[in-house]
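Here is the structure we will look at.
Every read-out reported here was derived from the displayed coordinates using simple, explicitly stated rules and does not represent laboratory data. Worth saying up front: this structure is predicted, and the values here are computed from it rather than measured. Note that we place each Cβ from the backbone using ideal geometry, even for glycine, and neighbour counts take in every protein chain shown.
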Amino acid sequence: MANTDKQLVAYIPDFSFILFDLSIYSDDQIKGTVLSRVGVLLFKYVFTPGYEEKLPEILGLLKALIEKQTGLQYIEIIIRYILRTVDNMSATDLKKMVEDNLSVDQGGMIMTLAEKFIQEGIQQGIQQGVQQGIRQGLIEAIEMGLQLRFGAEGYRLMPKTYKIEDVDALRAVKDAVKSMKSIDEVKMVIEGLKDRD
């Protein structure tokens, strides 16, 4: 067995981690391709106060990428990153920043992307809100059903019900409250759903 272990040593990855503190370098000291500079500058400033104030300068570097065939893909990634990391920037602010730092034609092309991502985010937020509203309505229906059908004993199942996040699972509980004859049957349904999660 020991010989086998020695033979495998050559195939075991031996990685080390190198940590660079980007904050000690000035922006002028950060060199490389446009894409690598944009990435490093975004990483450098993402957690610093005033991150939004550095974005125009960083976006200005993107002009060199636009002419390249893959430039739009890189810009798409960068805009997605910015939209996810800047909390207090509105879509209008981002649009103005892009227009100010890229030419009008190029900015129009990029803003199509930015607006697409913003719309995706809005739709995702709406969908999450709808799901949360449906979940809340189901919880209230289950609570009312448990109280009306089983009284205080039924209400004791609510803490377990609150832990169920899945809307379809909550619908199953609601149906169980409506159709089951005893509180124990409802409890078994809830326990079964919790085990499934």
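Using the Karplus curve 6.51 cos²θ - 1.76 cosθ + 1.60 with θ = phi - 60°, what ³J(HN,Hα) values do you get for each residue of the stretch 135-150, in whole Hz, with x for Gly and Pro?
For the stretch 135-150, the Karplus-derived couplings read 4, 4, x, 5, 4, 5, 5, 5, 4, 5, x, 4, 5, 5, 7, 10 Hz, x marking Gly and Pro.
Could you work out how far apart the two model spin labels at LEU19 and ASP168 are, taking each label as a point 7 Å from the Cα in the direction of the beta carbon, and quote it in nm?
Simple spin-label model gives 4.4 nm for this pair.
With the cut-off at 31 Å, tell me which of the pairs LYS44/LYS96; LYS160/LYS181; LYS6/LYS44 have Cα atoms farther apart than that. Walk me through the numbers on the way to the answer.
Working: LYS44/LYS96 23 Å; LYS160/LYS181 19 Å; LYS6/LYS44 42 Å.
From LYS44/LYS96; LYS160/LYS181; LYS6/LYS44, over 31 Å: LYS6/LYS44.
Output ³J(HN,Hα) for the stretch 36-48: one whole-Hz value per residue in order, computed from phi by the Karplus curve 6.51 cos²θ - 1.76 cosθ + 1.60 with θ = phi - 60°, and x for Gly and Pro.
Karplus values, whole Hz, x for Gly and Pro: 5, 5, 4, x, 5, 5, 4, 5, 5, 9, 4, 9, 9.
Using only the alpha-carbon atoms of the stretch 127-196, report the extent along each of the three principal axes, biggest first, to the nearest angstrom.
Reported extents, whole Å, longest axis first: 35, 24, 20.
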